[in-house]
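The block underneath contains the structure these notes are about, expressed in structure tokens.
No value in this document is a laboratory result; all are computed from the given coordinates. Worth saying up front: this structure is predicted, and the values here are computed from it rather than measured. With ideal geometry, Cβ positions are generated from the backbone for all residues, glycine too; neighbour counts draw on all protein chains shown.
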Amino acid sequence: MLKTRVLSLTVCAAVFTAALAASQAMNEDSLKWGPVPAFLPPGAQIAVLDGDPGKAVQITLRLKMPAGYQIPAHWHPTQEDVTVLSGSLSVGMGDVLSKTGATLLKPGGFMPFGAKMNHFVWTDEATIVEVHLNGPFEITYVDPALDPRK
């Protein structure tokens, strides 16, 4: 019985420590950037600030995109809220990436993309955005032929 309690306390302590570590404050210079997952076009970098993108939890991440980066028309099963931190991001709605009628977001600009709303984005300069969503982070391309996983 004592061994079970010690094991339970050890497991609880490990879970609490992991949860605490995941929710610690961080500065820009402590972010761990890596290549984007295969479901996004290559060339950008991603840093997960909070949550697990593979799970049904709240997620905060940053996406660092080079000039000329494009994400074709797509949708997500949950709302995605995007804030531009640096650079600029052009956003549009519809089934095909079209550079006419888009909105240019500058630093501080914000765009909520509703669940299952077809949208697309591109950059004309190096840009960093922060994204908030409820996971898991999934993306469906309107035209499956443009899905970078294929």
In Hz, Karplus ³J(HN,Hα) per residue of segment 27-34 (6.51, -1.76, 1.60; θ = phi - 60°; x = Gly, Pro): 10, 3, 6, 9, 5, 9, 8, x
Cut-off 10 Å between beta-carbons: net charge of the residues surrounding residue 90, Lys and Arg +1, Asp and Glu -1: 0
Amide proton proximity set for residue 78, modelled H, under 5 Å, gap of 5+: 116
Summed residue charge, Cβ within 12 Å of residue 26's Cβ, Lys/Arg positive, Asp/Glu negative: -1
Karplus-derived 3J(HN,Hα), 6.51/-1.76/1.60, for each residue of segment 66-76, Hz, glycine and proline x: x, 4, x, 6, 9, 10, x, 3, 7, 8, 10
Shape of segment 28-146, Cα gyration tensor, a/c cut at 1.5: rounded
In Hz, Karplus ³J(HN,Hα) per residue of segment 80-92 (6.51, -1.76, 1.60; θ = phi - 60°; x = Gly, Pro): 10, 9, 10, 10, 7, 9, 8, x, 8, 9, 8, 10, x
For segment 28-146: lysine pairs under 23 Å (alpha-carbon distance), excluding those fewer than 8 apart on one chain: 7
Exposure proxy order (Cβ contacts within 10 Å, fewest to most) of 110, 120: 110, 120
Charge context of residue 111, other residues only, Cβ under 11 angstrom, K/R +1, D/E -1: -2
